[in-house]
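*Asks:* First the structure, then my questions, so here it is.
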Amino acid sequence: MSKKFYITTPIYYPSAAPHLGHAYCTTMCDILSRSKKMRGYETFFLTGLDEHGEKIQKNAEAAGITPQEFVDTIAERFLSLWKAMEIQNDKFIRTTDAYHVATVQKIFSKMLERGDIYLSSYSGWYCVHEESYWTETQIEEGNLCPECHRPLERKDEPAYFYRCSQFADKLLAYYESHPGFIIPEARKNEMVNTFIKPGLTDLCVTRTSFDWGIPVKEAEGHVIYVWLDALTNYITALGYLQEDDSNFKKFWEDPESEVVHVIGADITRFHTIYWPMFLDSLGLRKPDRVFVHGLMMMKDGKMSKSKGNAISAYPLIERYGVDAVRYYLATEIPFGENGVFTPEQFVLRINQDLANNLGNLLNRTVSMIGKYFQGNIPSFVSNVTQFDGDLEAMVEKTVRAYEAHMDDLMPTQATADVMELVNRANKYIEETAPWALAKDESKKAELESVMAHLAHVLYVAGKLLSPILVKKSEALFAQLGLGLEEASYDDLLKFGKLNGHVVNKGEQLFPRLDASVEEAAIKALMAAPKEKAAA
């Protein structure tokens, strides 16, 4: 039976064009998905858009178009960005998709039949921006939202409610028995102390004051609360309660399948409190992990559409290539922590890691094999020089560490593992001094060993980095005389893999950047962040 891995991004709210912050989360999920697939897992990667709610309706009215026209335009921009970022998602769900609408109605009906939803009336505070209800004890002074600090609206309307109170104790018990369910643990503590222990109120799950949502079949004039609608995307996209539910059985029902939701901190409450409760109502398993990633910040705070400080990914991709942007996102901000985007760090990452370390190692190795062995990679022999054994051991250590860190949803650390190996190989060149060995015919065996070891390190590094460097890894393999189909993950520890291959010296993978010029160029982009329409 094949190993299975199901990973999801949050479905994004299409109130405006996507920016680098959206690209960050989706790229990290793409890297995790690609790394699992590379290792033989059967994977399913889902992303998409949460297209209903009062905020969308108001934005559409302000633009003078229908809500559907509004979200259709934004959806195209997200799809264009995913294409530009080389995102390999298996499905892109939109909550206006007909199959999703029909399935959410079935889900609501099931919960209603079970008695987990009941009709009452809602009177309280509501934030249109956050699509959230708040109690008197939660709101800030001046009737402000505790999340976004915007003014709240007083709502009084008939509504259906979900019986959260009856699931609270069960949820706390689940947290205790599944300590890895919420990552990082600080987020779990926040949910327990801020929301659950003070007492969970029942959740209002329908609205009657607007109509841009999924209609409740049992009650005319009610539309389903946007979060009940949105959260269920993770199972509707797989075919839950639909004629073809094969993906649902494979990736959700199969206990051997690992299910991971990656979300932003601002929606932790919905995914770790309400979503597990909804799944209980449906008699379904919970995800294995809900991973709360950090925020991509600018110097003036969180990168966001509403603050107007968001930078588009397109100009960066055009100027530096998609791999440089993907590498920066994967390495600069440890996954799970907040980080600040700066031009200086962007340029430094490209120059230090990609140009100086990886690119220089490839250039030097291919050049020396061409010069000393007419381009033929020598046969691999272990422990010829006093430094060979240490390098071989580090290759094995790197592969194991990489796998462990990817399994722990730590792609930043997994990438660091690979770059440590690259750094070690550059040091190995200085230790063995192949230019000196080449001058002494009696040292030919040592020279052959050095070249074979360096070529294999490059093969390993190229393969392990291929979920990030989706273009340049192919170019790296080509310089080693390998086609993509030959670059197998299963061969990473087969040290004779490259025996007899002929290298092909090509262009530098990552030319070194003029730091002052490029930092100024990026600052200019940041000063007037405008999305360029994708071709």
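The values are calculated or read from the model by the stated rules, or taken from the named source; none is laboratory data. As the structure is a prediction and not an experimental result, all values here were calculated from the model. Neighbour counts run over all protein chains shown; Cβ positions are idealised from the backbone, glycine included. Ligands, DNA and RNA are excluded from the accessible area calculation, which covers all protein heavy atoms including side chains. Shrake-Rupley method; radii C 1.70, N 1.55, O 1.52, S 1.80 Å.
*Asks:* List the number of the failed condition for T135; all other conditions in (1) at pLDDT 95 or above; (2) of a type in the set (S, T, Y); (3) surrounded by fewer than 21 Cβ atoms within 10 Å (Cβ to Cβ) hold.
*Replies:* Only one criterion in (1) at pLDDT 95 or above; (2) of a type in the set (S, T, Y); (3) surrounded by fewer than 21 Cβ atoms within 10 Å (Cβ to Cβ) is unmet by T135, namely (1).
*Asks:* Additional query: List the pairs whose first member sits in segment 122-149 and is over 17 Å from D50 (Cβ atoms) and part of a loop (DSSP other than H, G, I, E, B), whose second member is among the polar types (S, T, N, Q) and open to solvent by 40 Å² or more (accessible area, probe 1.4 Å), and whose Cβ atoms are under 7 Å apart, counting only residues at least 6 apart or on separate chains?
*Replies:* T135/T201; P146/Q138
*Asks:* Name the pairs: first residue in segment 62-90 and part of a loop (DSSP other than H, G, I, E, B), second residue open to solvent by less than 30 Å² (accessible area, probe 1.4 Å) and modelled with pLDDT under 95, Cβ to Cβ under 7 Å, at least 6 apart or on different chains?
*Replies:* That search, which allows pairs on different chains as well, returns T66/A60; M85/A23; M85/A313.
*Asks:* Right, another one. Scan E76, E61, E86, E51 and give me the residue that is in contact with a Pro (Cβ under 7 Å, 6 or more places away or on another chain), acidic (D, E) and either open to solvent by 20 Å² or more (accessible area, probe 1.4 Å) or under 23 Å from Y240 (Cβ atoms) (or both). I'd like the intermediate steps shown before the answer.
*Replies:* Working: E76 fails: in contact with a Pro (Cβ under 7 Å, 6 or more places away or on another chain); E61 fails: in contact with a Pro (Cβ under 7 Å, 6 or more places away or on another chain); E86 fails: in contact with a Pro (Cβ under 7 Å, 6 or more places away or on another chain).
Exactly one residue qualifies, and that residue is E51.
*Asks:* Same structure, new question: Just to be sure I understand the filter: pairs with C-beta atoms under 7 Å, separated by 6 or more residues or on different chains, first member in segment 91-103 and surrounded by fewer than 17 Cβ atoms within 10 Å (Cβ to Cβ) and part of a strand (DSSP E or B), second member among the small types (G, A, S) and modelled with pLDDT of 95 or more. Which pairs pass?
*Replies:* K91/A237
*Asks:* Same structure again: Condition test on D254, is it at pLDDT 90 or above and more than 24 Å from L20 (Cα to Cα)? Give the steps one after another, and end with the answer.
*Replies:* On the way: at pLDDT 90 or above: yes; more than 24 Å from L20 (Cα to Cα): yes.
So D254 passes the test.
*Asks:* Here's something else I'd like to know. Identify the residue in segment 1-19 that is at pLDDT 95 or above and in a strand (DSSP E or B) and, among all such residues, is surrounded by the fewest Cβ atoms within 10 Å (Cβ to Cβ).
*Replies:* The extreme case among them is K4.
*Asks:* Output the number of residues of segment 331-388 satisfying the condition of being open to solvent by 30 Å² or more (accessible area, probe 1.4 Å), among the aliphatic types (A, V, I, L, M) and assigned to a loop (DSSP other than H, G, I, E, B).
*Replies:* So the answer is 2.
*Asks:* Also, quick follow-up: Only one of L421, L525, L480, L509 is open to solvent by 20 Å² or more (accessible area, probe 1.4 Å) and of a type in the set (A, V, I, L, M, F, W, C); which? Reasoning before the result, please.
*Replies:* On the way: L421 fails: open to solvent by 20 Å² or more (accessible area, probe 1.4 Å); L480 fails: open to solvent by 20 Å² or more (accessible area, probe 1.4 Å); L509 fails: open to solvent by 20 Å² or more (accessible area, probe 1.4 Å).
Criteria check complete, one pass: L525.
*Asks:* Just to verify a result, which residue in segment 424-455, among those that are of a type in the set (A, V, I, L, M) and in a loop (DSSP other than H, G, I, E, B), is surrounded by the fewest Cβ atoms within 10 Å (Cβ to Cβ)? Write out each step before concluding.
*Replies:* Kept after step one, since they are of a type in the set (A, V, I, L, M), are these residues of segment 424-455: 425, 429, 433, 436-438, 445, 447, 450-452, 454-455.
Those still in the list that are in a loop (DSSP other than H, G, I, E, B) too: 433, 438.
Numbers: A433: 14, A438: 17.
Among residues in segment 424-455 that are of a type in the set (A, V, I, L, M) and in a loop (DSSP other than H, G, I, E, B), the one surrounded by the fewest Cβ atoms within 10 Å (Cβ to Cβ) is A433.
*Asks:* Which one of these does L409 not meet: (1) under 25 Å from T331 (Cβ atoms); (2) assigned to a helix (DSSP H, G or I)?
*Replies:* (2)
*Asks:* Taking the residues in segment 225-234 that are out of contact with any helix residue (DSSP H, G or I) (no Cβ under 6 Å at 6 or more places or on another chain) and either open to solvent by 10 Å² or more (accessible area, probe 1.4 Å) or not in a loop (DSSP other than H, G, I, E, B) (or both) as candidates, determine which candidate is nearest to K155 (Cα to Cα). Give the derivation first.
*Replies:* Quick first cut of segment 225-234, residues out of contact with any helix residue (DSSP H, G or I) (no Cβ under 6 Å at 6 or more places or on another chain) only: 225-226, 228, 230, 233-234.
Adding the requirement that they be either open to solvent by 10 Å² or more (accessible area, probe 1.4 Å) or not in a loop (DSSP other than H, G, I, E, B) (or both) leaves 226, 228, 230, 233-234.
Numbers: V226: 16, L228: 19, A230: 22, N233: 27, Y234: 29 Å.
Filtering first and then ranking leaves V226.
*Asks:* Okay, moving on. Within segment 158-173, how many residues are open to solvent by 40 Å² or more (accessible area, probe 1.4 Å) and either outside any loop (DSSP other than H, G, I, E, B) or on the phi > 0 side of the Ramachandran plot (or both)?
*Replies:* To start, the set of residues in segment 158-173 that are open to solvent by 40 Å² or more (accessible area, probe 1.4 Å) comprises 158, 163, 165-166, 169-170, 172-173.
Next cut, either outside any loop (DSSP other than H, G, I, E, B) or on the phi > 0 side of the Ramachandran plot (or both) only: 158, 165-166, 169-170, 172-173.
Here the count works out to 7.
*Asks:* Now, a different point. Collect the residues in segment 177-211 that are farther than 24 Å from F335 by Cβ, of a type in the set (S, T, N, Q) and open to solvent by 40 Å² or more (accessible area, probe 1.4 Å), keeping them in residue-number order.
*Replies:* Let us first name the residues in segment 177-211 that are farther than 24 Å from F335 by Cβ, namely 177, 193, 195-211.
Among the residues that remain, those that are also of a type in the set (S, T, N, Q) are: 177, 193, 201, 206, 208-209.
The answer is S177, N193, T201, T208, S209.
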